[in-house]
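Notes follow the structure.
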Amino acid sequence: MDRRQALQRAGLVLGYAISAPVIAGIMNGCKSTPELTYKPVFFTEEQAGLVSEVAAIIIPKTDTPGAKEVGVPAFMDQLIKQCYKKEDQDRFLAGLAEFDDGAKKAYGDSFMDLESAKQKEYVKKTHDAALDAAKAGTAKDKPFILMAKELTVVGFYTSEEGASKILQYAPVPGAFHGCVPMAEVGKTWAT
Amino acid sequence: MNLNTEAQKENTYDAIVVGTGISGGWAAKELTEKGLKTLVLERGRMVKHGEYPTATKAPWELENADRPTQEDLVRQGVQNRTGYTVRQSSKHWFVNDIENPYSETKRFDWMRGYHVGGRSITWGRQSYRLGDMDFEANAKEGIAVDWPVRYKDMSPWYDYVETFIGVSGQNEGLYQLPDGKYLPPMEMRCVEKDMKKAVWEKFGRVITMGRTAHLTAPLSHDKSPQRATCQYRDMCIRGCPFGAYFSSLSSTLIAAEATGNMTLRANSIVHELIYDEAKGKATGVRIQDAETGEQVEYFAKVIFLCASTFGSTQILLNSVSKRFPNGFGNDSGELGCNIMDHHLNAGASGIIEGLEDQYYTGRRANGIYIPRYRNVGSDKRDYLRGFGYQGGGSRQGWSHLVAEYSIGEELKASALTPGPWTLGIGGFGEFLPYHENRVTLNRDKKDKYGLPTLTFDAELKENEYKMRKDMVNDAAEMLEAAGAKNIKTSDNPGGPGLGIHEMGTARMGKDPKTSVLNKFNQVHACKNVFVTDGSFMTSSACVNPSLTYMAFTARAADYAVQELKKGNL
C-alpha cells in the first residue's frame, strides 16, 4: 500500500493540499518512523534511517540494549565514510537501494514503511539467501546485508556496553590460565 | 680554527651508536656500562618508556574499531601490507611511506618505525637461539660463506642477554634448538595440550610453548626495577606500560641512561660515516637534524651501526671515499647482497569439535612453537634447511557470528557462548642467502632529507618454494592428527620482508674477500666500525632473529672495549 499516494488523494477529496511536512507527520502517526539519534556524515537521512533499522533487527534491544541503543548506526556511518574505499562505499549504497527495491517488490512498500514483523522477515530472508550464496561460492561480492551485519556485530561488541556489560572485558587480566571450566568463566570474552 | 677545534671537542665522544632498536639499545647499554661516553643517535622522534599513547585504551576508545582509515592507508599503504600494523592503536609506530620512499624492482615489504626504541616496541618477542646446525649449515652444504662463529662462541652471550631481558620458555633438550635461561613458560590451552600429545605420538615431533621475551616471573637481577610481570593484556604492539616485555625503551636504554654516560640524540639522521684516509679509520658520522635541517658532525673512537639491516646498509653504501668508492667496507662487493627474511604465511587451520565446557582467562600474547624437524637427523628432503611453526588454539569469539545464520535475539544469545575451538599453525621458513637478492642505493631518487633511497631486488627461489609445500602439507597432517576438522590450508608468500626479519646485507665471514664483517661484527677493512643489526647474519636459520642480534651486539661491544683499551682501534 502506498500511504503517500492515499493521503494525497484524501487531500484532493477534502479540497485542500496537504503540505509535505504534514504528510510526514501523519505518516509518522501511521507507522512511527524512528528519529535518527545522530547526524550522519556519510548517509542521507533516508539511508541512515534504513541502516539504523536493519542494525536494530540484527542486534535488537532485549533485556539488554541493542545496536541502536549503543550507537552502532553512527559507528557504521563514520566507518564507511572513513575506512571504506570509494568502490566499497558505492557498493554499500547501491546494495542498500537494491535492498529497498527488493522490499518494494516483495511487499509493495519501501522497507521503512513496512510493519516491524515484515521488516524482520525481509531482513532474515535476505540475510539467509546471502549466506547461502556466500557458502555456495556463487556470491560475487559481499552483499549489502552481510556488510551491514558485519559492521553491526563489530560495532556492537566493541562498544563499551556490548564488550564490557553484555560480554565481558578484563582491561588488566593479570594472569593467564589455559584450561578453565566454561562454567567458571561464565560467558564469552569480548577480546 | 680555534672555534672549529672547540666544536669538534664538544662533539666528540668515546663511542657513537647509530640506532636505538633491539641492537642499538644493547650497544648503548654495554658501551656505557663499560665506561664509554656514548652518543646514541636515533633518526626518528623522541619516545621514553611509558609514552605509549594507546596502551591502555579499551576497544570502545579506539576510533573505527581500530581499523585504518583510507587516509591512513594513503600515508601508510606499504606499512599496512602485513595487515596488522596500521591500526588506530599502533599506526604511530610505523613510518609514513610518502616521506620514506623506496623502490621495488620486485615486491619487497619494508616495515619500519622511526622513533627511539625502533621496532623493539612492536616486535613479536619470540626469542630463540641459533644452534650449531645453523652455524655449520653453510659450510656443510657449500652455500654462501661459512659463519665465522660456532654455538660455543655464542652460548655464553645468549645466556647473558636472556638473563638480562627475561625470556619465558621451556627447555626441551633439542640439538636443533638449544635450551636457554628461561623464566617459567606460559600455559597451553586445552586443545594445544592435546595437539602436543597427538603430534608427539604420531610424528615424534615436539610442540613447546613459545619462547617469548615476557616476564612470567620477576627477573633474577635487580637492574631493571621498572619492569613488572606480564599482565596478559595482549596489547604489546602499543607499548607496555608495565615494561613486561623487553624493548630497548623498557630495558637497555634505561640501563644506559643510569650510567650517566649516554647522550641520546633523537631526530638525527645519519647520512654517512666520516673516513680519515690517513688514519685508515672512521672518525665519526655526519648527521642531519630532521627538525632543523642542520648538518652536524660527531666524532668518536668507535662506531656501532645498529640502524637496522637496511638502515645500516644504506649508510654504508652512502659513505663513499677514495678508499671505499663502492660503499664503506665494501671490498668484497657483498654489501647490500644476500638479503634474507623468513618466508611465512604457509600453514593450515581447522576446527576442534567438543571441549565446549573448557575456556580460558587472560589474553596470552604468545603461541605454541614446533621446532624444526625437517632435514634434522635422518630426515632428508628435496630442499635444504627447514622451518618452525608458530600457532595456537583458541575459541572463536563473537566475530564468527557474522558468517552464521543467526540474527536478532538468537544472535545476541549465542554471542554469550564462545564459538568452537580453532587450531592453526603457520611456518617460518629459512631463507637461503642468494648473492643476487640485493638492495642498491638509488642516487637519482632522494628522500626529503637528501638521502639517496634504496631499491630492492629480491625474491624467494626454488628452495623456498619447495619448502613451502612441506610447510603447508605438514601443517595439515599435524592438525589432522590432533583431530581437527574442516582443515583449510593457506600459502601466501607475499613479498620478502613480510616476516620483518630482514638480514644479511653486510654479512660476517672469515674472508674479507667474501664478507663485510669479521666474527666480532667488525668491518674487515676498518676496525673501529662495528655493525650489529641483522645485516651481519650469514644465514637466516628459521628462528626469530632478534635474540641473536642482542647476543652478537653484547659480544661485539665487549670485544670493542677490550680492543680500545689495548689501543687497537
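Of the residues B:338, B:422, B:401, the one whose Cα sits farthest toward the positive end of the charge dipole of the range B:317-427, with +1 on the Cβ of Lys and Arg and -1 on the Cβ of Asp and Glu, is B:338. Across the range B:139-146, coupling constants 3J(HN,Hα) worked out from phi with the 6.51/-1.76/1.60 Karplus curve, θ = phi - 60°, read 5, 5, 9, x, 9, 6, 10, 6 Hz, and Gly and Pro carry x. Modelled label positions at residue B:295 and residue B:84, each set 7 Å beyond Cα in the direction of Cβ, lie 4.2 nm from each other. Taking amide hydrogens as placed 1.01 Å from N in the peptide plane, the amide H of residue B:183 sits under 5 Å from those of B:167, B:168, B:169, each at least 5 positions away in sequence or on another chain.
Quick one: how many lysine pairs does the range B:133-206 have with C-alpha atoms less than 25 Å apart and a gap of 8 or more or different chains? Give me the count, please. Each step should come with its number before you reach the end.
On the way: B:140/B:152; B:152/B:181; B:181/B:193; B:181/B:196; B:181/B:197; B:193/B:202.
Close lysine pairs found across the range B:133-206: 6.
To the nearest 0.05, what FRET efficiency results for residue B:416 and residue A:110 with a Förster distance of 22 Å applied to their C-beta separation? Provide the component values of the computation, followed by the final result.
Working: r = 35 Å, r/R0 = 1.57.
Between residue B:416 and residue A:110 the formula returns 0.05.
Applying the criteria of a DSSP loop state and at most 16 other Cβ atoms within 10 Å to the chymotrypsin sites (Phe, Trp or Tyr not before Pro) of the range B:70-103 yields B:84.
Annotation: amide H-H contacts under 5 Å for residue B:234 (H modelled 1.01 Å from N, sequence separation of 5 or more, or interchain): B:365.
Projecting label points 7 angstrom from Cα along Cα→Cβ for residue B:67 and residue B:381 puts them 3.7 nm apart. Here is the size of the protein assembly as shown from its Cα atoms: Rg then Dmax, 29.7, 110 Å.
Exactly which GluC sites (Glu not before Pro) in the range B:260-356 are in a DSSP loop and have at most 15 other Cβ atoms within 10 Å? It would help to have the intermediate numbers written out before the result.
Values: sites: B:272, B:277, B:291, B:294, B:297, B:334, B:353, B:356; in loops: B:277, B:291, B:294, B:334, B:353, B:356.
Answer by residue number: B:277, B:291, B:294, B:353, B:356.
Can you list the chymotrypsin sites (Phe, Trp or Tyr not before Pro) in the range B:309-416 that are in a DSSP coil and have 16 or fewer other beta carbons within 10 angstrom? Display every interim value, and only then the final one.
Numbers: sites: B:310, B:328, B:359, B:360, B:369, B:373, B:383, B:387, B:389, B:398, B:405; in loops: B:328, B:373, B:383, B:405.
Filter output for the range B:309-416: B:405.
Counting Cβ atoms of other protein chains within 10 Å of each Cβ in A:164-177 and taking the mean gives 6.
Taking θ as phi - 60° and the Karplus parameters 6.51, -1.76 and 1.60, the scalar couplings of the range A:36-53 work out to 5, 9, 8, 9, x, 9, 10, 6, 6, 4, 5, 4, 4, x, 5, 4, 4, 5 Hz in sequence order, x denoting glycine and proline. The ranking of B:157, B:421 by Cβ neighbour count inside 10 Å, starting from the fewest, reads B:157, B:421. The mean number of partner chain beta-carbon atoms within 10 angstrom of a residue's beta-carbon across peptide B:398-406 is 6. In order along the range B:478-494, phi translates into HN-Hα couplings of 5, 5, 4, 4, 7, x, 6, 10, 6, 6, 10, 9, 9, 8, 10, x, x Hz, rounded to whole numbers, per the Karplus curve 6.51 cos²θ - 1.76 cosθ + 1.60 with θ = phi - 60° and x for Gly and Pro. Computed from the Cβ-Cβ distance with R0 of 30 Å, the FRET efficiency linking residue B:480 to residue B:405 stands at 0.60.
The modelled label-to-label distance for the pair residue B:140/residue B:104, using points 7 Å beyond Cα in the direction of Cβ, is 3.5 nm.
Starting from the coordinates of the alpha-carbon atoms of chain B, obtain the Kirkwood hydrodynamic radius over all distinct pairs and give the value in Å to one decimal.
Details: mean 1/r = 0.0410 Å⁻¹.
Across chain B, the inverse of the average 1/r is 24.4 Å.
For residue B:419, the residues whose modelled amide H falls within less than 5 Å of its own, excluding neighbours fewer than 5 places apart on the same chain, are B:396, B:397.
Taken together, the values in this text are just the output of simple stated rules run on the coordinates, not laboratory data. Since we're looking at a predicted model, the values are computed, not measured. Positions of Cβ are generated from backbone atoms using ideal geometry, with glycine treated the same way; all protein chains shown enter the neighbour counts.
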